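Worksheet for the structure shown next.
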Amino acid sequence: MHYFTNNLPDFNTSQLREWVITNGIGGYCGTSIIGSLSRTHHGYLIASLHAPTKRYLCLSKIDETAAGTSLATNQYKGQYCESGNQYLSGIQYDGNMHFFYQTADMSIEKEITMAIGENKVYVRYIIDNHLDEADFTITPFFNYRDHNDNSTVDTLEFTEQQLDGALILCPKSAPTVKIAFHYGNGKLVSRDKKYAKDIELQIEVNLENEGLEDHYTPYDICYRLPRGISELTISCQLYTDNNSCTRLECDPFAARLNRIKRLEEQSGLTDDFALMLVAASDQFIAYRQSTGYNTVLAGLPWFTDWGRDTMIAFTGLTLVTRRFEEARGILKTFAQYAKNGIVPNMFPDDGLEPLYNTADASLWYFYAVHNYLKYDPSEEGAAFIREEIYPKLLEIIEAYKNGTDNSIYMDTDSLICAGSGTDQVTWMDVRVGDWVPTPRHGKPVEINALWINALKITASLMRRFNDTGFEQYEALADNAAASFNEIFWCEEKQCLYDVISTEGVADDHFRCNQLYAISLPYSILPKDKEKAVVDFVQSKLYVGKGIRTLTIDHPDYQPIYDGALEKRDPAYHQGTAWGYIMGAFITAYVKTHGHDDTAKKEALRLLEPVKEHLLSEGCIGSINEIFWGDAPHKACGCYAQAWSVGEVLRALAEDVL
């Protein structure tokens with residue numbers, strides 16, 4: 001549970017902190033911590049029309065007026081602000097979001113949650129009215145647009161139907177869609193001001209976008225409250241001609257809290273830090289309609305499911321939390337779409353075919369399978385892998401050996417080459433037109449650490465399943481490991497090179513990727529070199545909340561990730577620190593320091609800035625995608641990232657607690 005009172009009256013600071021709740025099918029809700037809209041992806045109901053994609057904003061927010069006192073928090077063009085946040089005495093996030101207001105005449109708790117598995121949001125008010133009678137008025141802000149776009153008055157056209165205690169809106173741009181707003185026993189009153197125009201989204205402005213948006217505000221809804229405590233529950237739901245609108249059948253607020261409690265108990269963890277991450281992990285697991293199984297949303301608020309991110313986050317999100325059914329569904333989802341030995345890198349929002357522009361997602365898939373069997377040693381677990389996943393692993397290994405898409409092939413030294421031209425097939429994948437800031441073509445260090453581990457995992461599975469031919473994979477892994485040690489070690493720097501070109505030339509960028517030669521299940525380096533790599537990363541790349549992508553002494557180092565996209569992209573993997581790599585760092589640190597109590601205590605200290613981040617910046621209770629490479633290491637990118645949460649949780653549970 002997170003409770004805050006500091007800085008809430010400061011509009012400028014507080015509108016940059018956020019909260020989010022998800023519904024398990026790709027939809028979500030969230031605003032700033034003072035209730036204002038400060039980015040395109042803010043809203044109370046962002047519904048998924050084809051789980052977990054096609055996400056549309058339907059209800060932007062609700063403003064309130066309590067006995068004549070406006071609680072509205074909005075920034076309009078020119079940074080003119082309605083500062084109802086001055087009446088905020090505190091906020092609380094416990095899986096649901098709570099706003100506590102105090103005026104001269106009323107004490108108000110506003111609580112927001114989403115239904116699981118439905119495109120439906122609930123808002124509950126508990127109001128202690130100190131007057132004999134008083135009016136309480138809400139103003140809903142409606143919309144209908146893709147969650148990546150902005151709307152104007154011209155795009156906000158609806159037909160409507162008024163029912164007893166409900167307003168049904170139908171966007172003219174989507175006649176099969178209905179937005180049902182249930183408001184109970186309030187009185188619907190037409191407003192002269194039908195639109196809230198030029199709402200200014202400060203986070204978008206900071207990113208050098210226009211950041212202006214209009215919303216449809218046709219009605220106020222008025223309630224006459226007696227003295228004492230009253231409770232009002234509002235709901236808004238998107239439904240189509242293919243499904244129906246549902247009424248409140250249980251307490252959705254309690255259901256959310258019970259769900260989190262159940263997940264915490266199921267994990268078996270008791271540490272407060274770990275339990276915060278268990279709760280955060282639930283935000284990313286979603287149902288995929290096209291496969292009928294679960295998947296992982298790579299990051300909130302805009303990413304869908306990416307193969308690489310899913311496999312890296314997989315252990316923390318589903319295995320540490322002991323969500324084995326979801327884990328099996330995720331493995332089946334990506335196996336179903338594997339093509340030419342490549343696990344898909346991205347399922348796009350527009351319903352097109354997946355993208356296969358990756359060399360590492362398939363290799364991370366082996367790691368996910370290995371960990372699945374470690375956490376689920378049952379006969380049923382082994383049978384699942386043997387019958388449904390193992391054949392796909394053999395296909396991937398053979399494809400990488402013999403050559404497949406994206407210029408992926410095994411060289412004569414048994415190591416993997418990947419990428420050519422303007423291809424970006426590792427996780428450092430930015431391309432600006434024809435410019436590739438981090439080409440990494442040839443033999444990337446983490447690709448080959450993963451390849452050696454994949455070979456050893458395959459041989460181990462063949463032994464377990466009494467299959468023949470495991471000797472060839474063991475020999476191949478040994479040959480690859482010998483080649484790895486020969487070409488990747490940099491004696492001068494006492495660390496590993498990041499990439500070796502196909503001509504044998506070592507890249508002079510020293511990066512975080514070398515950690516995977518130590519943190520993966522099967523060791524590749526001698527112990528003294530493992531320790532040297534960890535020491536190098538700790539001294540040159542560790543910044544507390546994440547691990548830098550490049551050493552500060554390199555001419556290409558760009559630590560500041562800010563402004564327009566064309567300014568941000570060159571820094572994305574050239575100096576910014578990434579939260580997810582903390583997992584590999586902590587695992588490698590504890591491993592190379594003896595895995596004893598002293599090492600674990602120091603690892604907790606190294607993770608302390610991440611814990612503080614959960615409470616003090618970004619999105620409440622989650623971990624950002626990236627941070628500035630230089631102090632103050634500002635949080636940026638996605639405000640909640642699956643592999644950041646999953647990897648920190650995995651390392652905490654496996655190596656520290």
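For the criterion of being at pLDDT 95 or above, open to solvent by 50 Å² or more (accessible area, probe 1.4 Å) and under 26 Å from GLY546 (Cβ atoms), TYR516 fails. Of all residues in region 54-73, exactly one satisfies the criterion of being of a type in the set (D, E, K, R), open to solvent by less than 10 Å² (accessible area, probe 1.4 Å) and farther than 21 Å from GLU200 by Cα, namely ARG55.
What's the total number of residues in region 579-620 that are hydrophobic (A, V, I, L, M, F, W, C), open to solvent by 10 Å² or more (accessible area, probe 1.4 Å), under 15 Å from LEU657 (Cα atoms) and in contact (Cβ under 8 Å) with a residue 60 or more places away in the chain? Qualifying residue count, region 579-620: 0.
Within region 190-201, residues that are farther than 7 Å from ASP214 by Cα have Cβ atoms under 8 Å from residues that are exposed (fewer than 15 other Cβ atoms within 10 Å of the Cβ) in these pairs: GLU200/TYR76; GLU200/LYS77; GLU200/GLY78; GLU200/GLN79, counting only partners at least 6 apart in sequence or on another chain. The criterion of being touching a helix residue (DSSP H, G or I) at 6+ places or on another chain (Cβ under 7 Å), open to solvent by less than 10 Å² (accessible area, probe 1.4 Å), small (Gly, Ala, Ser) and part of a helix (DSSP H, G or I) does not hold for ALA653.
When TYR80, TYR76 are checked against the criterion of being of a type in the set (Ser, Thr, Tyr) and either open to solvent by 50 Å² or more (accessible area, probe 1.4 Å) or at positive phi (or both), a single residue qualifies: TYR80.
ALA651 passes every criterion in (1) under 13 Å from the mean Cα position of the chain (by Cα); (2) of a type outside the set (Asp, Glu); (3) under 22 Å from SER267 (Cα atoms) apart from (1).
All conditions in (1) crowded, with 17+ Cβ neighbours inside 10 Å; (2) at positive phi hold for GLY403, with the sole exception of (1). Of the listed requirements (1) over 19 Å from TYR216 (Cβ atoms); (2) modelled with pLDDT of 95 or more; (3) surrounded by 24 or more Cβ atoms within 10 Å (Cβ to Cβ), CYS29 misses just one: (1). Residues in region 467-500 that are modelled with pLDDT under 95 and in a loop (DSSP other than H, G, I, E, B): 3 in all.
Take region 527-549 and flag every residue that is within 11 Å of ARG511 (Cβ to Cβ) and open to solvent by 10 Å² or more (accessible area, probe 1.4 Å).
Within region 527-549, PHE536, LYS540, ARG548 meet the criteria.
For region 162-183, which positions are among the polar types (S, T, N, Q) and not in a loop (DSSP other than H, G, I, E, B)? Across region 162-183, the qualifying residue is only GLN162. Report yes if some residue within region 143-161 is in a strand (DSSP E or B), within 27 Å of GLY299 (Cα to Cα) and open to solvent by less than 10 Å² (accessible area, probe 1.4 Å); otherwise report no. The answer is yes; a qualifying residue exists. Would you check if there is a residue in region 432-449 being part of a helix (DSSP H, G or I) and among the β-branched types (Val, Ile, Thr)? Scanning region 432-449 turns up at least one residue that is part of a helix (DSSP H, G or I) and among the β-branched types (Val, Ile, Thr). Report whether or not LYS110 is open to solvent by less than 10 Å² (accessible area, probe 1.4 Å) and either within 28 Å of the chain's Cα centre (by Cα) or under 26 Å from LEU263 (Cβ atoms) (or both). The answer is yes for LYS110.
Each residue in region 406-417 was checked for being at pLDDT 95 or above and open to solvent by 20 Å² or more (accessible area, probe 1.4 Å), and 5 pass. Considering region 452-504 alone, what residues qualify as being more than 30 Å from LYS540 (Cα to Cα), among the aromatic types (Phe, Trp, Tyr) and surrounded by 21 or more Cβ atoms within 10 Å (Cβ to Cβ)? Hit for region 452-504 is TYR473, nothing else. Restricting TYR365, TYR372, TYR337 to residues that are open to solvent by 10 Å² or more (accessible area, probe 1.4 Å), at negative phi and touching a helix residue (DSSP H, G or I) at 6+ places or on another chain (Cβ under 9 Å) narrows the list to TYR337. Restricting region 309-319 to residues that are more than 22 Å from TYR93 (Cβ to Cβ) and out of contact with any strand residue (DSSP E or B) (no Cβ under 6 Å at 6 or more places or on another chain), the residue that is surrounded by the fewest Cβ atoms within 10 Å (Cβ to Cβ) is LEU319.
Residue pairs whose Cβ atoms lie under 8 Å apart, sitting 6 or more positions apart in sequence or on different chains, and linking a residue in region 380-398 that is within 12 Å of HIS370 (Cβ to Cβ) to a partner that is open to solvent by less than 50 Å² (accessible area, probe 1.4 Å) and of a type in the set (S, T, N, Q), are LEU393/THR458.
Considering each of LEU394, LEU331, LEU317 in turn, give the residue that is in a helix (DSSP H, G or I) and over 27 Å from the mean Cα position of the chain (by Cα).
Testing whether each residue is in a helix (DSSP H, G or I) and over 27 Å from the mean Cα position of the chain (by Cα) leaves just LEU394.
When region 291-308 is filtered for residues that are open to solvent by 10 Å² or more (accessible area, probe 1.4 Å) and within 10 Å of the chain's Cα centre (by Cα), the ones remaining, listed by number, are TRP302, PHE303.
Scanning region 550-578 for residues that are open to solvent by 40 Å² or more (accessible area, probe 1.4 Å) and of a type in the set (A, V, I, L, M, F, W, C) yields ILE552, ILE560, LEU565.
The values are calculated or read from the model by the stated rules, or taken from the named source; none is laboratory data. Since this is a predicted model, take the numbers as computed values, not measurements. FYI the Cβ positions are ideal-geometry reconstructions off the backbone, even for glycines, and counts take in every protein chain you see. The accessibility values were calculated without ligands, DNA or RNA, using every heavy atom of the protein model including side chains. Shrake-Rupley method; radii C 1.70, N 1.55, O 1.52, S 1.80 Å.
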